[in-house]
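The values are calculated or read from the model by the stated rules, or taken from the named source; none is laboratory data. The structure presented is a predicted model; accordingly, all values stated were derived computationally and were not measured. Backbone-built Cβ (ideal geometry, glycine too); neighbour counts: all protein chains shown. Side chains included, ligands, DNA and RNA excluded: accessible areas come from the protein's heavy atoms. Shrake-Rupley method; radii C 1.70, N 1.55, O 1.52, S 1.80 Å.
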Amino acid sequence: MTPHQLNLLAVVAVAGCWGAFALAWLAGAIYYESRAPAERTRTWLGSTTWIGVIVVTVVRFAVPRADWRSLTVQTPWVRLLGLAILLAATALTLWARLALGTMWSAAPAVKQEHELRTSGPYAVTRHPIYTGLLGMLLGSGLLAGAGLWIVAFPVFLVLLQFKIGLEERLMLAEFPDDYPRYRRRTPQLIPGLRLLRVPADRRIARGLDPRRRAS
């Protein structure tokens, strides 16, 4: 593909995927507004999106435009890889939002008769919406040729990690028996990460367990 075709593809794909994301959230907010149970416990933190947007905007204008151009990537296969990541991440995000249904909230919260989701996308990661959003940022950045997207990804990664910490403390308090088991078998953000973990008995057999080395 020519650079012009790649640029056109980037504009269409990024606008389409993020537009679908925005429409899904708006439709979900309207549809579930009257159906969602009341919140019983809510943290002080609201949406982190505006914080990320402010930080990225400040960095955008603080760095000269010529410097952003020096960070662009035009390699076709990298940009097409970004397209694949963007499409897959968008699908995961929308799937997770649909699966979460009335349990979704902008801020970490526990609702009346709260239900712990552990199947479907929530068997892929414990926070598939955040996994999808980060994947969308990464895919968009690669497809668009990096530049300012290089800043957006780490900024939102830090913000979402902070939000995840608050959410998981709420879930541990609400589901003291089920959530620890769920955490052990399901990775936090990166799909398949638990498959890379070496079981404790195998660590001991290989002499990797620190308790064995200390004895």
Would it be correct to say that residue 120 is modelled with pLDDT of 75 or more, out of contact with any Asp or Glu (no Cβ under 6 Å at 6 or more places or on another chain) and more than 19 Å from residue 140 (Cα to Cα)? yes
Would you point out the residue of the range 134-184, among those that are assigned to a loop (DSSP other than H, G, I, E, B) and open to solvent by less than 10 Å² (accessible area, probe 1.4 Å), that is modelled with the lowest pLDDT? 147
What single numbered condition from (1) modelled with pLDDT of 90 or more; (2) open to solvent by 30 Å² or more (accessible area, probe 1.4 Å) fails to hold for residue 202? (1)
From the list 90, 131, pick out the single residue that is at pLDDT 95 or above and closer than 17 Å to residue 10 by Cα. 90
